[in-house]
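I have placed the structure first, in the form of structure tokens, so that the comments after it can refer back to it.
The values are calculated or read from the model by the stated rules, or taken from the named source; none is laboratory data. Because the structure is predicted, anything quoted here is derived from the model rather than measured. So basically every Cβ, Gly included, is an ideal-geometry build from the backbone, and we count neighbours across all protein chains shown. Heavy atoms of the whole protein, side chains included, go into the accessibility calculation; ligands, DNA and RNA do not. Shrake-Rupley method; radii C 1.70, N 1.55, O 1.52, S 1.80 Å.
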Amino acid sequence: MHRVGSAGNTNNSSRPRKEKRLTYVLNDADDTSIAQSSGTDGSDYLFTGSRDGTLKRWALTDDAATCSTTFESHVDWVNDAVLVGDNTLVSCSSDTTLKTWNSLSDGTCTRTLRQHSDYVTCLAAAEKNSNIVASGGLGGEVFIWDLEAALAPLSKSGDAMEDDCSNGINGSGNSLPISSLRTISSSNCISVHTNQSHGYVPIAAKGHKESVYALAMNDSGTLLVSGGTEKVVRVWDPRSGSKTMKLRGHTDNIRALILDSTGRLCLSGSSDSMIRLWDLGQQRCVHSYAVHTDSVWALASTPAFSHVYSGGRDLSLYLTDLATRESFLLCTGEHPILQMALHDDSIWAATSDSSVHRWPAEGRNPQKVFQRGGSFLAGNLSFSRARVSLEGSALVPVFKEPTLTIPGTPGIVQHEILNNRRHVLTKDTAGSVKLWEITKGIVVEDYGKVTLVLFLVVFDNDIFVDMVSFEEKKEELFETVSIPAWFTVDTRLGSLSIHLDTPQCFSAEMYSADLNIAGKPEDDKVNLARETLKGLLAHWLAKRKQRFGSQASANGDLLSGKDVSHRSLTHSRIEADINAENDSMVYPPFEFSTVYPPSIITEGSHGGPWRKKITDLEGTEDEKDFPFWCLDCVLNNRLPPRENTKCSFYLHPCEGSTVQILTQGKLSAPRILRIHKVINYVIEKMVLDKPLDSVNPDGTFAPGLAGGQLQHSLIGDGTFRSGLKPWQKLKPSIEILCNNQASLGPRHELSHSAGLYMEEG
């Protein structure tokens, strides 16, 4: 899949420079989520990370959870997060970065750490050493970071890190599929790291040949374990990055690891459905627990490391006594468990349906659960639990309902760009279908769950169910228009991500009348990308004018508060639009929602990709942050050289027709020209005594026909109104055919036709 903001060629390259793209992500989730509860337990804050690229801080009470802050800067999935020290939150993402945040702030990202070359999948922190964090990812990369050095003020030569100006925002929506959970107490104080060295590079733990999916570290930060697709547990000294041992036993990917506080015992969960207890001093597996019937994806232990909570693909959460091997089925759900976090007497479980559930866990005294009776003895072979399940020995869960649920927002799984090139039809994981207006960033129609029964038909005592599918809704919304593809879409983040690439994005134009723009001649052409960009950056431009005054408007002098590089003003690069200045004063830009503002993902000439809500732009961003072509469009109304927006065609009488038409061979007109104007042109040229002053010598339409006001008024079938000149009172009825076959209606555009034929009625 295309990565956001891929870099172009260097200045020394002779190849054409690839322009950076601008992406905006649409959102229609509620700003605050509150879930009711029947329980009495909960921590002060819960942090979650999601595939939508954000982290969220939830303020918890006994019976409710309110999202107080969204941390937004990652441009791809958030895969894991850990809390270190008093108030530092560290996250990792599929965008190949780690980010540090002030966890008790309004979403401030304090630093972006770059060292991984592929997705970063997991993190581990030392409980009693707030400086040490380990990260692992695809490609077998494992790095150990000293945060005290990593958060130091940077010089321009620092390559592993960069200051991040894309801070988070206040307010939030429900999270998409959750990938990480961490808890923190509100009693933690705030402290900021400031005095460190520059140019820091983390320690590399080299040895993995394949992807790493799990990490764990002991409290003091002197021992690190890792696991992944190689099916082995590797043990490292994080102070040097040296490998101390390799433990074999699992037969499939290792997905979860935890260490006891001393680093002597290690628990591992695997896709082979087994949980294994390792004694690192003896360098061997001392116990195996066959509790699950499918992959084990998440583990959490009691503080004394006497019991383990486990969850995974089999939808179940188990509690197991490591010494006696007794196991209890705490609960079952409808979706796999991805992550867990134990806090006091409750355990939080994130599931693949985007939700987070709080279950009773008796974390302080897990023996209370076993006093209920109904436990089973965990086997030591992976098929033992599966065999019990197949024999019908179904276990009864201890708890039927969670004490608190934070419901997630369903992610978009299917989309279709409609041929009007302004609407996108989507379907999410809950089956709901919505119609989006991408030039405004809003949902214009919510069709609900269209895959459900809409109505029943009774015929001869039989009931027939009429189902409306996504495909049927797409066909229903089909329009006979032809607009160039000026944007692309993906739903990787679970939301609509709209990608704009220059110069293709500037290829689409529409008449102001078709866009319902009041106060403009109906034949005025509107460039969709230009007005979309102006709408996206309207808040930024307003903030910029506040900072720099009126000179920050479209004058081309203040792209960065200084002279723009020589490449920006050369006419070989930029082609000025003749009507650009007038358009900027008359056309209002497309207006985007400030209730659910989209986020921009892009990059400029310095640093890497960044992300920020359009309402959080500060007006100080310049060509170091934005692609130059975006700024040149918004500030200067200049568009890059584009493909020809006109098309050429011939007009011929229909076969068998005796009508004659006066033309000069090949004609040329804008692609969006309506067929009724071609009809008008044909009527003018059908009369021999009509002068040929309406066509230019080069065969193009005169302004009155191609874009200005029509010289004649047409009824729907092409006939003239009364009161016209004698030669016009013939009232011919004209039909335009494409390739002598398909009939084109007056509202069709010229781009629909490959060849035009006319027939007189």
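Set side by side, the residues 220, 226 differ, and just one is closer than 23 Å to residue 149 by Cβ, modelled with pLDDT of 95 or more and among the hydroxyl-bearing types (Ser, Thr, Tyr), which is 226.
Remark: pairs (first residue in region 276-290, within 12 Å of residue 264 (Cα to Cα); second residue open to solvent by 50 Å² or more (accessible area, probe 1.4 Å) and not in a strand (DSSP E or B); Cβ separation under 8 Å; 6+ apart in sequence or on different chains) = 279/264; 280/264; 281/264. Looking only at residues in region 254-294 that are open to solvent by 30 Å² or more (accessible area, probe 1.4 Å) and not in a strand (DSSP E or B), which one is nearest to residue 232 (Cα to Cα)? Ranking the qualifying residues of region 254-294, first place goes to 283. Within region 80-95, the set of residues being in contact with a helix residue (DSSP H, G or I) (Cβ under 9 Å, 6 or more places away or on another chain) and open to solvent by 10 Å² or more (accessible area, probe 1.4 Å) comprises 85, 88.
Name the residue, out of 404, 418, that is surrounded by 13 or more Cβ atoms within 10 Å (Cβ to Cβ), at pLDDT 90 or above, among the aliphatic types (A, V, I, L, M) and more than 20 Å from the chain's Cα centre (by Cα).
None of the other options fit; the residue is 404.
Residues that are in a loop (DSSP other than H, G, I, E, B), among the charged types (D, E, K, R) and either open to solvent by less than 10 Å² (accessible area, probe 1.4 Å) or in contact with a strand residue (DSSP E or B) (Cβ under 6 Å, 6 or more places away or on another chain) (or both) within region 234-253 comprise just one, 252. Of the candidates 667, 662, the single residue that is open to solvent by less than 70 Å² (accessible area, probe 1.4 Å) and at pLDDT 70 or above is 667.
Taken over region 198-233, the criterion of being aromatic (Phe, Trp, Tyr) and not in a loop (DSSP other than H, G, I, E, B) is satisfied by 213 alone. Candidates are the residues of region 587-608 that are under 26 Å from residue 111 (Cβ atoms) and at pLDDT below 90; the one that is most open to solvent (accessible area, probe 1.4 Å) is 606.
For residue 649, the conditions (1) closer than 17 Å to residue 738 by Cα; (2) at pLDDT 90 or above all hold with the exception of (2).
With respect to residue 49, determine if the residue is on the phi > 0 side of the Ramachandran plot, at pLDDT 90 or above and within 25 Å of the chain's Cα centre (by Cα). In short, no.
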